[in-house]
Amino acid sequence: MKKCVIITGASSGIGKALVNTYSDNNYNVIAVGRDEKRTQLAIENKPNAKAWIGDITNSKNCNDIIKLALKEFGRIDTLINNAGIIYRYNANNTTDEQWHDSIATNLSAPFYLSRAALPALIKSKGSIINVASDWGLMGGKDALAYCASKGGLVLMTKAMALDHAGQGVTVNAICPGDVDTPMLKTEAAQRQVDYDQAMISNNSDSPTGRITLPSEVAALAFYLSSDIAAQITGTTISIDGGNTA
Ligand SMILES: NC(=O)c1ccc[n+]([C@@H]2O[C@H](COP(=O)([O-])OP(=O)(O)OC[C@H]3O[C@@H](n4cnc5c(N)ncnc54)[C@H](O)[C@@H]3O)[C@@H](O)[C@H]2O)c1
């Protein structure tokens, strides 16, 4: 029976690369996105992929995503909590709405989905991969709610890894530095800086001289969900060209 992966934030950036990687490797894919057109585009010509459209900050929706995966594919092997949102503001200018949106998207949704997926993951001896951030490991300027939510996601990863190691489920967090996705455009707009200039400094600030590609993050996730990584759990893996070294 083919393995099944659930990928949130599947319509763009890292999520889209994850859909390609898992689909190319013969997985059944549930692609979760908010924008119907963009999510359908991400799974175009992938007969083994199904879209679920909606907002994951609501726990009922998260339960429905798990039900869809089981109905369509009969099993769940990997859950990738990839959807995320960033607001580049500090404690002076972060609004209540931005704070709640950050916690709901970056922290509560991974919890709701993980909780709902656990029975199926215990059965398959599967994996949870949380796409956190280097700003879940260290502070970043003007990214208060993002750092708080990603830091929470990192420790949720470790707590869940301990709780479920004996049941054969691995739980890990990937912590990227800058990755070439639409999120960097959003950040540049919020910081009111020129996107092209920001990209030049992002690349030159990296020890390897370039930022990370979405496909490189997807390849790391694929490794973490493979049988040969069964002994890796509760860890955070940076993929940032050495930036946090
Ligand atoms: N791009 C970077 O530099 C970078 C660095 C570190 C971590 N990350 C993390 O990588 C992950 C993927 O981001 P990306 O860079 O591909 O950016 P992106 O903006 O292209 O993707 C984020 C996706 O999450 C989806 N999303 C947001 N809120 C949602 C909600 N409530 N319900 C359903 N979907 C929702 C968006 O629609 C979007 O498709 C995020 O968790 C982000 O924090 C990105």
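Brief remarks on what is shown
- Cα centroid of region 128-187 to Cα centroid of region 22-85, whole Å: 20
- Counting only DSSP H runs of at least 4 residues, each contributing -39500 (n - 2.57), and dividing by the residue count of the chain, the helix-based mean residue ellipticity at 222 nm comes to -14000 deg cm²/dmol.
- Counting Lys and Arg as +1 and Asp and Glu as -1 over every other residue whose Cβ lies under 14 Å from the Cβ of Gln40, the net charge comes to +3.
- With R₀ set to 51 Å, the beta-carbon distance separating Lys71 from Lys185 gives a calculated FRET efficiency near 0.90.
- Label-to-label distance, nm, for residues given as Met199 and Arg38 (7 Å Cα→Cβ offset): 1.7
- Cα coordinate range in region 63-116, projected on the principal axes (Å, largest first): 48, 15, 15
- Two-site label geometry, Ala229 and Asn45: point separation in nm, points 7 Å out along Cα→Cβ: 2.7
- Long pairs among Lys16/Lys123; Lys3/Lys123; Lys67/Lys150; Lys2/Lys60; Lys60/Lys185, criterion Cα-Cα beyond 23 Å: Lys16/Lys123; Lys67/Lys150; Lys2/Lys60; Lys60/Lys185
- Sorted peptide list for 122-135, 151-164, 8-21, 220-233, criterion being average Cβ within 10 angstrom, highest first: 8-21, 122-135, 151-164, 220-233
Since every read-out is calculated from the coordinates, none of them should be taken as a lab result. Predicted model only: the values in this text are computed from it and were never measured. Positions of Cβ are backbone-derived with ideal geometry, glycine not excepted, and every protein chain shown enters the neighbour counts.
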